[in-house]
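Input: a single structure, listed below in structure tokens.
The values are calculated or read from the model by the stated rules, or taken from the named source; none is laboratory data. Note that this is a predicted model, so its numbers are computed, not measured. Neighbour counts are summed over all protein chains in view; Cβ atoms, including those assigned to glycine, are modelled from backbone coordinates with ideal geometry. To get the accessible areas, we keep the full protein, side chains included, count just its heavy atoms, and leave off ligands, DNA and RNA. Shrake-Rupley method; radii C 1.70, N 1.55, O 1.52, S 1.80 Å.
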Amino acid sequence: MAGVKSKKYDIVVIGGLGHVGLPLGIAFANKGLNVCLYDIDPQKAKEVMKGRMPFIEYGAEEVLKKTVGKKLTTSLDMADIAKAKYIIVAIGTPVDEYLSPKLKGFFDLFEKLKTHLDDSQTIIVRSTVYPKVCKQIETFLKKNKLHCKIAYCPERIIQGYSIKELNELPQIVAGLTPAAEKDAIKLFSVLSPKVIPVRIGEAELIKLFANAWRYIMFAVTNQFYMLSTAHGENYDNIRKALMDGYGRAASIPSAGFTAGPCLLKDTMQLASFTSNNFQLGITAMQINEGLPDFIVAQLRQEYDLSKLTVGILGMTFKADIDDIRDSLSYRLRKLLLFNHANVLCSDEFVKDSSFVSKEALLKKSDIIIIGVVHSAYKKLSFPKSKKIVDLWGLTKKS
Ligand SMILES: NC(=O)c1ccc[n+]([C@@H]2O[C@H](COP(=O)([O-])OP(=O)(O)OC[C@H]3O[C@@H](n4cnc5c(N)ncnc54)[C@H](O)[C@@H]3O)[C@@H](O)[C@H]2O)c1
């Protein structure tokens, strides 16, 4: 990283205490770079400075403890952004209630940022952005007489496992200018085993396609599940038999709630980009988001839910992490309550005083729905006398 030393920090990560920014900052600090994590969350800053991760990222706390106070620090002061050569932007990029990209927060940030920037800096957009946003940042900065280099280097890790994956995954890199591309390649070569340079428009679409692809793939298996179940057949048996020795179908994932802060949002960004002509993405959204409704409708055919206790085992959006953002288990809970069921929830990682233990849930529920398969559920013995809704095939071990 020659040439970077004239500033106090090699990198400042904006949104540096989030699920993307924090592991990335830790990973760069672990490679010997001076990293400042700038954020607006004082609580998380306090925890991180004590060497504690504010959320689950396997393997991260160990590296955090090793680097914090040495190569890694936090800041709540925007003025620190001026002290870094590289500025990595990793704040959230949500969609609004109409599933359109909500870009205001992103551009408000640049409005505030402009007095802390200078032309020697390189801005790396890490957040997943709506196509052409990088170009809009450049236009905005130029209007303010700023000529920072701008690159887009999307994050493709799987939440919970980023410390491992950041060192393993190839990094897509795109610059708005050759100089920006060169700087981005130089930075990510420190971390990634391979960098793949592409055009900026390609990089923006690669990230959205990556998530839309996964979202659609899960929608296919969820549709197969609903189709099989509606016809009284066991999808898990069907899927396993279909895949057995048949490589062309080997990649069919199990059915399950497909949720979280990225897959739906990014598929909808793509739909919005194509003026809602992304039929596959829109259909995938209807299928995946409709799965809790399907489950409740199926149960209502068999039971009077108002007389029963239904337990949802697993509330996070994904196994073995503590993140509930956009989890479909919560949508399921809402639908069950709407149908006057008594609902119990349990989760290994979520701290919620209204939740019960997994053992209590199995005991007290008439119907058990597995929301997500945390590892701790793999050893549970599910009562044979009770109705179990098991999308994942957890209870039908071959
Ligand atoms: N979570 C993932 O697995 C994942 C994977 C790939 C890409 N992404 C993308 O990365 C981006 C960030 O996602 P995330 O999951 O890390 O979100 P997050 O909510 O966990 O983190 C965002 C962080 O930004 C901070 N923040 C918000 N506004 C700020 C501001 N104005 N200045 C400074 N800090 C600010 C928040 O306090 C928070 O710590 C999104 O675009 C997302 O789509 C996420």
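So residue 65 clears everything in (1) out of contact with any helix residue (DSSP H, G or I) (no Cβ under 9 Å at 6 or more places or on another chain); (2) over 24 Å from residue 322 (Cα atoms) except one condition, right? Which one?
Checking residue 65 against (1) out of contact with any helix residue (DSSP H, G or I) (no Cβ under 9 Å at 6 or more places or on another chain); (2) over 24 Å from residue 322 (Cα atoms), the one that fails is (2).
Determine whether residue 49 is out of contact with any helix residue (DSSP H, G or I) (no Cβ under 8 Å at 6 or more places or on another chain) and more than 16 Å from residue 146 (Cα to Cα).
Judged against the criteria, residue 49 is a match.
Between a residue in segment 111-131 that is under 20 Å from residue 166 (Cβ atoms) and any residue that is of a type in the set (D, E, K, R) and near the ligand (Cβ under 10 Å from one of its atoms), which pairs come within a Cβ distance under 9 Å, given they are 6 or more apart or on different chains?
Between residues of segment 111-131 that are under 20 Å from residue 166 (Cβ atoms) and residues that are of a type in the set (D, E, K, R) and near the ligand (Cβ under 10 Å from one of its atoms), the close pairs are 126/155; 127/155; 128/155; 128/207; 128/265; 128/266; 129/207.
Inside segment 199-250, can you point out the residues that are open to solvent by less than 30 Å² (accessible area, probe 1.4 Å), more than 30 Å from residue 301 (Cβ to Cβ) and acidic (Asp, Glu)?
Passing the criteria: only 204.
Checking the condition touching a residue at least 60 places away in the same chain (Cβ under 8 Å) and either β-branched (Val, Ile, Thr) or open to solvent by 10 Å² or more (accessible area, probe 1.4 Å) (or both), which residue from 7, 50, 44 passes?
7
Does residue 290 fit the bill of being in the same structural domain as residue 222 (by TED's automatic domain parsing), away from the ligand (no atom under 16 Å from the Cβ) and either open to solvent by 40 Å² or more (accessible area, probe 1.4 Å) or not in a loop (DSSP other than H, G, I, E, B) (or both)?
yes
Please find, among 77, 96, the residue that is free of Cβ contacts under 8 Å to residues at least 12 places away in the same chain and either in contact with a strand residue (DSSP E or B) (Cβ under 6 Å, 6 or more places away or on another chain) or in the same structural domain as residue 17 (by TED's automatic domain parsing) (or both).
Step by step, each of 77, 96 is checked, and only 96 is free of Cβ contacts under 8 Å to residues at least 12 places away in the same chain and either in contact with a strand residue (DSSP E or B) (Cβ under 6 Å, 6 or more places away or on another chain) or in the same structural domain as residue 17 (by TED's automatic domain parsing) (or both).
Could you tell me which residue of segment 79-101 is nearest to residue 181 (Cα to Cα), considering only residues that are within 11 Å of the ligand (Cβ to nearest atom) and open to solvent by 30 Å² or more (accessible area, probe 1.4 Å)?
91
Given segment 146-231, what strands (runs of 3 or more DSSP E) lie entirely inside it while holding 2 or more residues that are among the β-branched types (Val, Ile, Thr)?
Correct list: 171-175, 195-197.
Going through segment 256-287 one residue at a time, which ones are open to solvent by 50 Å² or more (accessible area, probe 1.4 Å), out of contact with any strand residue (DSSP E or B) (no Cβ under 9 Å at 6 or more places or on another chain) and touching a residue at least 12 places away in the same chain (Cβ under 8 Å)?
262, 280, 283
Can you work out which of the residues in segment 125-145 that are of a type outside the set (Ser, Thr, Tyr) and in a loop (DSSP other than H, G, I, E, B) is nearest to residue 22 (Cα to Cα)?
126
Can you tell me which of (1) assigned to a helix (DSSP H, G or I); (2) farther than 19 Å from residue 331 by Cα; (3) open to solvent by less than 30 Å² (accessible area, probe 1.4 Å) is the one residue 253 doesn't meet?
It is condition (1) that residue 253 fails.
Restricted to segment 107-139, and to residues that are basic (Lys, Arg) and open to solvent by 10 Å² or more (accessible area, probe 1.4 Å), which residue is nearest to the chain's Cα centre (by Cα)?
Here the answer is 132.
Taking the stated definitions as given, is residue 58 within 15 Å of the ligand (Cβ to nearest atom) and either under 26 Å from the mean Cα position of the chain (by Cα) or in the same structural domain as residue 41 (by TED's automatic domain parsing) (or both)?
yes
Mind listing whichever residues of segment 26-41 are in contact with a strand residue (DSSP E or B) (Cβ under 8 Å, 6 or more places away or on another chain), open to solvent by 30 Å² or more (accessible area, probe 1.4 Å) and within 16 Å of the ligand (Cβ to nearest atom)?
Across segment 26-41, there are no qualifying residues.
Going by the conditions given, is residue 275 away from the ligand (no atom under 16 Å from the Cβ), touching a Gly at 6+ places or on another chain (Cβ under 8 Å) and not acidic (Asp, Glu)?
no
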